[in-house]
Ligand SMILES: [Zn+2]
């Protein structure tokens, strides 16, 4: 038996930039093969086993797999929708630090890296 799982919905996730909760759309699909057999050690992972004593197919692990395979590496709000207070702090403490002039005593080390 072949099962095609299509998932479409949204999950609550934390924004990687401002840590505020956001609704993240997730969608994907997975094709599964179900085989009637006795469940035993070493069964192939390429198909689900439907044992004689089973009265249902547990798809929870498959749904989780679809979700994880389609979850983006980086989750951020669209530009301008991040938490305003957090953006203010990021600009002040993180991005501001990157633009500060570096102690000139480190310049000799920079020459080593650039060679
Ligand atoms: Zn954000």
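The values are calculated or read from the model by the stated rules, or taken from the named source; none is laboratory data. From a predicted model like this one, the values you see are computed outputs, not experimental measurements. Positions of Cβ are generated from backbone atoms using ideal geometry, with glycine treated the same way; all protein chains shown enter the neighbour counts.
For the range 33-69, how many residues are without any contact (Cβ under 8 Å) to a residue 40 or more places away in the chain and assigned to a helix (DSSP H, G or I)? The qualifying residues number 5.
Is it fair to say residue 30 is surrounded by 14 or more Cβ atoms within 10 Å (Cβ to Cβ), within 18 Å of the chain's Cα centre (by Cα), at pLDDT 90 or above and not in a loop (DSSP other than H, G, I, E, B)? So residue 30 fails the test.
Any residue at all in the range 78-100 that's without any contact (Cβ under 8 Å) to a residue 40 or more places away in the chain, assigned to a loop (DSSP other than H, G, I, E, B), farther than 17 Å from residue 13 by Cβ and away from the ligand (no atom under 16 Å from the Cβ)? Yes - at least one qualifying residue is present in the range 78-100. Within the range 1-19, track down each residue that is within 16 Å of the chain's Cα centre (by Cα) and within 12 Å of the ligand (Cβ to nearest atom). Scanning the range 1-19 gives 13, 14, 15, 16, 17, 19.
Let's see how each residue does on (1) touching a strand residue (DSSP E or B) at 6+ places or on another chain (Cβ under 7 Å); (2) modelled with pLDDT of 80 or more:
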{"site": "41", "(1), (2)": "no, no"}
{"site": "67", "(1), (2)": "yes, yes"}
{"site": "81", "(1), (2)": "no, yes"}
{"site": "85", "(1), (2)": "no, yes"}
{"site": "92", "(1), (2)": "no, yes"}
{"site": "99", "(1), (2)": "no, no"}
{"site": "102", "(1), (2)": "no, no"}
